[in-house]
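Student: I have a structure here, written as structure tokens, and I will follow up with some questions on it.
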Amino acid sequence: MRAALAPGVRLLRALPRDSRYRGLTLVLTFLSYTSYHLSRKPISIVKSQLHPNCSALGPNPHNDSNSSTWCSWAPFDGDNYKELFGALDNAFLVAYAIGMFISGIFGERLPLRYYLSGGMVLSGLFTALFGLGYFWNIHVLWYFIVVQVCNGLVQTTGWPAVVACVGNWFGKGKRGLIMGIWNSHTSVGNILGSLIAGAWVSSAWGLSFIVPGIIISIVGIICFFFLVEYPEDVDCNPPLHHVMTTSEKDPEAVISNEGPLSLSGQSSVDHSNSPKEPAEEPEAISFLGALRIPGVVEFSLCLLFAKLVSYTFLYWLPLYIVNIAHFSAKEAGDLSTLFDAGGILGGIFAGLISDYTGGRATTCCVMLVVAAPMLFLYNHVGQNGIGTSIAMLIICGALVNGPYALITTAVSADLGTHESLKGNAKALSTVTAIIDGTGSVGAALGPLLAGLISPTGWNNVFYMLIAADVLACLLLARVVVKEARGWCGSMARQRGY
């Protein structure tokens, strides 16, 4: 007697073909970038173990003269350990920022599936090599720096590829909400990376890197076998990126009335207008051509400062909690995941609000304005009790990561399919790389500045973060004004003026 068809299979068969493949693309790209962030997080957890408070562990069993650092891992056992940690972060992030500008160009010209899966396997290799330094008993700084640089370069394969894949499958519609939920992979990856790294940080910190390295390599292999780049590859209908309107005849009117992001570019394949379809593979956009798209420069510069704040928390929050609240390395790592949990809520909320209002820039600006005083409060009252700390971490995570998530997902996809591209879908990866690459400059500066400023006091670090939030907000002022004019014009038309 044969068993009935599995319920899950019956559900899949009931779904339309397009929905099945869209779901598969979302799941695979979600898992891919979750594993990217999972492999980046261990360094922030392991820092406190590379230079712990040795006096709390008792006397030096080896009777060395320097008893206060006998348990530290050389070369991070000196008084300059914070600067060395900053150098490690900076090695990865500068390489990532430089590589990102190049990565988008390659991403438009190479098969995304090969590019993404190959980058993930290499990322796993270099992540594991950092951890192998523990088992190989390596104590020279250059080894860890070189591994970080190589890892930063290969990790640039991830973001342009996954955003391009999702952008190829999903049109304008509810892109903000869908990508807001999808973008939770960043925070999920940070949370999982913290928990996995924390499991071995006190016993054998090398495994805190090796296990995430294995995970990202396995996910990369899965993507190689199952990822579908374009709907046309499996005979699915491409999404409609842009709805034709009468105002399209006047591009300036479009921009002023609806805001630069309410239009996303025409469908990547327009079957109705051209019976001959002269270009199966349109020419990839140039770097300067991508910069000319309205809104790219403003959002890129805004992301520079927004990502500066986010990545400073990513790399320094566990150490801050250890120093201020005096928790253990594992406890600090677990508590820091609440910041990322808030980031999930912030990304979804930002996407939902921006879809409803049509104001991507305004949504970002409001969240950035509110984030500045919340950062000040967290530094001054966030450690007054475990309940206060949990609440402040979630609120700060939502306000800091909400704009960052919105810009790197929905905004990038909107601009990469802007109407000025005339349906050329080959710009999405380049635009995404420009925006995230510029943001990565801030991601490199944040942890570096934190390493330089923190010896003068954590208050100064938070003042730097607050200033960055304010600058990010100011850089969007022109786009916010355009969106406001668009709303006013829309209201006037509805009233018949």
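Student: I need the full set of residues from segment 28-52 which are part of a loop (DSSP other than H, G, I, E, B) and either modelled with pLDDT of 95 or more or under 19 Å from ILE214 (Cβ atoms) (or both), in order please.
Tutor: Scanning segment 28-52 gives a single hit, LYS41.
Student: Right, something else. Just one of (1) aromatic (Phe, Trp, Tyr); (2) open to solvent by 40 Å² or more (accessible area, probe 1.4 Å); (3) within 20 Å of SER184 (Cα to Cα) trips up PHE339, so point out which.
Tutor: For PHE339, the failing item is (2).
Student: Sticking with this one: Go over the candidates TRP200, TRP205 one by one and state the one that is in contact with a Leu (Cβ under 7 Å, 6 or more places away or on another chain) and either crowded, with 19+ Cβ neighbours inside 10 Å or modelled with pLDDT of 90 or more (or both).
Tutor: Going through TRP200, TRP205 in turn, the sole match is TRP200.
Student: From the list VAL431, VAL480, VAL461, pick out the single residue that is within 19 Å of VAL297 (Cβ to Cβ) and at pLDDT 85 or above.
Tutor: That would be VAL480, the only listed residue that is within 19 Å of VAL297 (Cβ to Cβ) and at pLDDT 85 or above.
Student: Sticking with this structure for a sec: Can you confirm whether segment 103-115 contains a residue that is without any contact (Cβ under 8 Å) to a residue 24 or more places away in the chain, of a type in the set (Phe, Trp, Tyr) and more than 17 Å from GLY437 (Cβ to Cβ)?
Tutor: no
Student: Here's something else I'd like to know. So ALA361 ticks every box in (1) over 20 Å from the mean Cα position of the chain (by Cα); (2) surrounded by 20 or more Cβ atoms within 10 Å (Cβ to Cβ); (3) under 21 Å from LYS307 (Cα atoms) but one. Which box is left unticked?
Tutor: (1)
Student: Is it true that some residue in segment 176-186 is farther than 29 Å from LEU338 by Cα and surrounded by fewer than 24 Cβ atoms within 10 Å (Cβ to Cβ)?
Tutor: no
A quick yes/no check of all residues on (1) touching a Ser or Thr at 6+ places or on another chain (Cβ under 8 Å); (2) more than 20 Å from PHE170 (Cβ to Cβ); (3) modelled with pLDDT under 80:
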{"position": "GLU280", "(1), (2), (3)": "no, yes, yes"}
{"position": "ALA290", "(1), (2), (3)": "yes, yes, yes"}
{"position": "ALA306", "(1), (2), (3)": "no, yes, no"}
{"position": "LEU345", "(1), (2), (3)": "no, yes, no"}
{"position": "VAL369", "(1), (2), (3)": "no, yes, no"}
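Student: Among the numbered conditions (1) closer than 20 Å to ASP334 by Cα; (2) buried (at least 24 other Cβ atoms within 10 Å of the Cβ), tell me where THR408 comes up short.
Tutor: THR408 satisfies every listed condition except (1).
Student: Shifting gears a bit: Can you work out which of the residues in segment 435-473 that are without any contact (Cβ under 8 Å) to a residue 40 or more places away in the chain and of a type in the set (Gly, Ala, Ser) is surrounded by the fewest Cβ atoms within 10 Å (Cβ to Cβ)?
Tutor: That would be GLY457.
Student: Answer yes if at least one residue in segment 375-388 is surrounded by 21 or more Cβ atoms within 10 Å (Cβ to Cβ), under 30 Å from SER208 (Cβ atoms), touching a Cys at 6+ places or on another chain (Cβ under 7 Å) and aliphatic (A, V, I, L, M), and no otherwise.
Tutor: Scanning segment 375-388, I find at least one residue that is surrounded by 21 or more Cβ atoms within 10 Å (Cβ to Cβ), under 30 Å from SER208 (Cβ atoms), touching a Cys at 6+ places or on another chain (Cβ under 7 Å) and aliphatic (A, V, I, L, M), so the answer is yes.
The values are calculated or read from the model by the stated rules, or taken from the named source; none is laboratory data. A quick note: this is a predicted structure, and the numbers were derived from the prediction, not measured. Glycine also receives a Cβ, built like all others from the backbone with ideal geometry; neighbour counts cover every protein chain displayed. Each accessible area value is taken on the protein alone, full model and side chains, heavy atoms only, with ligands, DNA and RNA left out. Shrake-Rupley method; radii C 1.70, N 1.55, O 1.52, S 1.80 Å.
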